[in-house]
Amino acid sequence: AYAVPILRDNTEEENTEFAQEYLQKLYNLTSSSGPNFRRRSNELTEKLKEMQKFFGLQVTGTLDSNTLEVMKKSRCGVPDVAH
Amino acid sequence: YSTFPGALKWNKNSLTYRIENYTPDMPQADVDKAIEKAFAVWTKVTPLKITQIYSGTADIMILFVTGDHGDNSPFDGPGGFLAHAFAPSDGIGGDTHFDEDETFTSGSAGYNLFLVAAHEFGHALGLGHSNDPGALMYPIYSYVNPGTFSLSQDDIQGIESLYGSNPNVPNNPVPDAPKTPNACDPNLSLNAVTTLRGEMMLFKDRFFWRKSPFMANVEQYTIKSFWPELPDDIDAAYESRERDLVYLFKGNQVWALFGYDIQQGYPQSMQKFGLPAGINKIDAALYNENTGKVLIFVGNKYYSYDEARRRIDKGYPKSIESGFPGIGGKVDAAVEDNGLMYFFSGSRMFEYNMMSKRVIRVLATNYFLGC
């Protein structure tokens, strides 16, 4: 028997990519690719917390439905933190 | 509010703007008017003078563009980013770009150009984003009637921190600029409170707080950022567990929410609740889970509405004092939660036990807001 890769839910993948792009443009997340997975993952968590704090959301560092809902609202394209 | 690093600002009070091209969404004259009004929002509270020029390079160049338009900040098609502007400086500084893939209008459809432009010109003059949901400089778009629009205190304090106040306007900051309700204001009073599928929603002015049992903190939003069709300053609200609907009242109209969606076919007349003619506004409403009745509060009286029979029960109205001794004569808002009733009156909230028919605790109105 061999482990069949469990395809993560496509939507989850898309949401994660969407969130990374949002944080890159508005919260100075550096590029989401690169060798050091742990460092990248930590930075993503920190930037998520920064965005959640700005919008008065529960600061979880995880991409919960509330956070995603706010990310999907139409808005201004100027970063929320000074570039 | 926030400003850009180094508090970037224009070192002159007379600025120019030029509309380089026009969106086909609106008549050109309407675009001119929206842009002019949007600048006026800021010149009214500062010493700044901002005039339109029709050729050459202006301090603030205004463009309608799509996708990648050469400034390293590409737009993203319909929705998402609506526009952006650059902080004060020479060259691209102050320039303001609108995403032509959006639909801009003079009304509430699509995105109101005046509102988007007023926000972007805040950036063009040196303001960053604010995390005050009632501020113009809040990053998320939320429609408000341009006819009644005014900068919030937060916006005014921000722009005046850069340019000072308008010497020609007698009292500053503008006294009637709206302030966003503060959850921790000890004098806070509320317009309406309801549950919604386990969450609690507390309404005040054009805002509401959303409290979830799963989250420690409470989130504040403008009503219109969730439901553009709903009015501000609602009077009352209750959740019908039977119908899984939340009813929201203002004046003699009622709206219904199914989850976070506005139910089709609303608003309807409040008369459907069978209240006596002449009642054009209620103060509060709550759903009594024990009896399945809806208690509707009007002045110092209350009615019991039977949802199944769709009519007011016999023997009503009764005086609030007789029905709920100890909570005072009139209520602003009411809600049932975990088998207890909560009556809000000014800055006080009465926790009431329907079984023992007595007030258990007198708490602050902002008790649920996690201060």
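The values are calculated or read from the model by the stated rules, or taken from the named source; none is laboratory data. From a predicted model like this one, the values you see are computed outputs, not experimental measurements. We place every Cβ from the backbone using ideal geometry, glycine too, and count neighbours over all the protein chains shown.
Among the residues examined, B:ASP176 does not qualify as within 22 Å of B:PHE344 (Cβ to Cβ) and either within 14 Å of chain A (Cβ to nearest Cβ) or surrounded by fewer than 18 Cβ atoms within 10 Å (Cβ to Cβ) (or both).
Figure legend. Inter-residue proximity from region B:12-30: first residues under 18 Å from B:ASP101 (Cβ atoms), second residues of a type in the set (Asp, Glu), beta-carbon distance below 8 Å, spacing 6+ or different chains. Indicated pairs: B:THR23/B:GLU100.
Scanning region B:104-139 for residues that are facing chain A (nearest Cβ under 9 Å) and touching a helix residue (DSSP H, G or I) at 6+ places or on another chain (Cβ under 6 Å) yields B:ASN131, B:MET137. Within region B:64-84, track down each residue that is assigned to a loop (DSSP other than H, G, I, E, B) and away from chain A (no Cβ under 12 Å). The answer is B:THR66, B:GLY67, B:ASP68, B:GLY70. Against the list (1) within 21 Å of the chain's Cα centre (by Cα); (2) at pLDDT below 95, the condition B:GLY91 fails is (1). For region B:261-278, the set of residues classified as in contact (Cβ under 8 Å) with a residue 24 or more places away in the chain and either among the small types (Gly, Ala, Ser) or surrounded by 14 or more Cβ atoms within 10 Å (Cβ to Cβ) (or both) consists of B:ILE262, B:PHE273, B:GLY274, B:LEU275, listed by residue number.
Of all residues in region B:180-196, those that are free of Cβ contacts under 8 Å to residues at least 60 places away in the same chain have Cβ atoms under 6 Å from Cβ atoms of residues that are small (Gly, Ala, Ser), 6 or more apart or on another chain, in B:THR180/B:GLY134. From the list B:ALA87, B:ALA58, exactly one residue is in contact with a Phe, Trp or Tyr (Cβ under 9 Å, 6 or more places away or on another chain), within 13 Å of chain A (Cβ to nearest Cβ) and of a type in the set (Gly, Ala, Ser). Which is it? Of the residues listed, the single one that is in contact with a Phe, Trp or Tyr (Cβ under 9 Å, 6 or more places away or on another chain), within 13 Å of chain A (Cβ to nearest Cβ) and of a type in the set (Gly, Ala, Ser) is B:ALA87. The criterion of at least 1 residues that are charged (D, E, K, R) and touching a residue at least 60 places away in the same chain (Cβ under 8 Å) is met, among strands (runs of 3 or more DSSP E) falling completely within region B:288-348, by B:333-337.
The rows are residues; the columns are (1) charged (D, E, K, R); (2) away from chain A (no Cβ under 14 Å).
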| position | (1), (2) |
| --- | --- |
| B:THR3 | no, no |
| B:TRP10 | no, yes |
| B:ARG18 | yes, yes |
| B:ASN21 | no, yes |
| B:MET26 | no, yes |
| B:ALA29 | no, yes |
| B:LYS33 | yes, yes |
| B:GLU36 | yes, yes |
| B:ALA40 | no, yes |
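When B:GLY77, B:GLY107 are screened for being surrounded by fewer than 24 Cβ atoms within 10 Å (Cβ to Cβ) and farther than 23 Å from A:TYR22 by Cα, only B:GLY107 passes. The set of residues in region B:205-223 being within 12 Å of another protein chain (Cβ to nearest Cβ) and either in contact with a helix residue (DSSP H, G or I) (Cβ under 7 Å, 6 or more places away or on another chain) or in contact (Cβ under 8 Å) with a residue 24 or more places away in the chain (or both) consists of B:PHE207, B:TRP209, B:LYS211, B:ALA216, B:ASN217, B:VAL218, B:GLN220, B:TYR221, B:THR222.
Residues in region B:224-236 that are more than 11 Å from chain A (Cβ to nearest Cβ), closer than 25 Å to B:TYR141 by Cα and not in a loop (DSSP other than H, G, I, E, B): B:LYS224 alone.
Within region A:43-68, the set of residues being part of a helix (DSSP H, G or I) and at the interface with chain B (Cβ under 9 Å from one of its Cβ atoms) comprises A:LYS53, A:PHE54, A:ASN66. Just one of the listed residues (B:SER106, B:SER14) is among the hydroxyl-bearing types (Ser, Thr, Tyr) and in contact with a Lys or Arg (Cβ under 6 Å, 6 or more places away or on another chain), namely B:SER14.
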